[in-house]
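First comes the structure, then the notes that go with it.
Every read-out reported here was derived from the displayed coordinates using simple, explicitly stated rules and does not represent laboratory data. Just so it is clear, the model here is predicted, and its values are computed rather than measured. Methodologically, a virtual Cβ is constructed for each residue, glycine included, from the backbone with ideal geometry; neighbour enumeration extends over all protein chains shown.
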Amino acid sequence: MTDEPIETQEQEVGGSMPFLQHLEELRWRLFKSLIAIVVMSLVAFYFAEHLIGFIKIPFGDTNKLYNIQVTGTFYAYLKVSLFAGIIAALPIVFYQLWAFISPGLYKREKAVILPMVAISTILFLVGAGFCFKVVLPISFRFLMGFAGEYIENIITIGSYIDFVGLLMLAFGAGFQMPVIAYFLGKLGIITPSFLGKGRRYAIPILLIVGAIITPPDIFTQVLLAAPLYLLYEISIIVVRVTQRKKAEEAASGAD
């Protein structure tokens, strides 16, 4: 049996892709993702009024949203359609991302592209759902409570959609941590020991991340940092399993 590792034998022929070809490939992947978002947003625009009624659920039935501009309602429809379009197009966007990465993968590793697309989409929806069901109601009660008896809260529809949409996207993106850890572990950039030693720094870093991408209140920051730390621990397990399989494959290839 040849001493050449199995992974090297299975790697597809073609060599490294020239830099300009990489850029062209990236451009087309981004273009396809953008087209998917635009198409999904146009479809979502037809249901914009229903979408606004849905995202208003965490705000409560007794609280009202206001429009103070002539074009305010139209732009609100555009915003909610865009956010819905991004979420609806996630499977296509994630597929384009993994397809762009795939030339650098081995043949058997390319078989995980579709499962990774599904996992990435599910994790994003779990993060956005957690934000919608848990974080947003708590944030609204906390932030609106500052008004007191001398201030009346008048929340415009545009600012509300921006707040809800960006926060849900932030939580969805944050829940991609295990997927990123898997990919970096495959490349050998991170190891379980590296992540284990980083536990002491993980909590303050996650709190800082929470402070950057969430409203300026400690409750929202903690509500983001807590699941992110859990995902950090899951990421350690993911990288450990990935490294173990990589070592086993290397050992079997050397036999």
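In a fully extended conformation the segment linking residue 152 and residue 199 would gain 12.6 nm over its present Cα-Cα distance, using 0.36 nm per residue.
Computed from the Cβ-Cβ distance with R0 of 41 Å, the FRET efficiency linking residue 42 to residue 142 stands at 0.70. Sequentially through the stretch 41-56, phi angles give Karplus couplings (6.51, -1.76, 1.60; θ = phi - 60°) of 5, 5, 5, 5, 4, 5, 10, 4, 4, 5, 5, 5, x, 6, 6, 7 Hz, Gly and Pro residues having no value and appearing as x. Ranked by the mean number of other Cβ atoms within 10 Å of their residues, highest first, the peptides 123-131, 179-187 come out as 123-131, 179-187. Protection proxy ranking for 33-44, 83-94, 56-67, using the average of other Cβ atoms within 10 Å per residue and placing the highest first: 83-94, 33-44, 56-67.
In this structure, residue 66 and residue 34 have a Cβ-Cβ separation that, at R0 = 30 Å, corresponds to a calculated FRET efficiency of about 0.40. Note on residue 208 and residue 26: the model spin-label points, each 7 Å out from Cα along the C-beta direction, lie 2.6 nm apart. Plainly put, the stretch 176-247 has a radius of gyration that is 1.05 times its Kirkwood radius, both from alpha-carbon atoms, as the Rg/Rh ratio.
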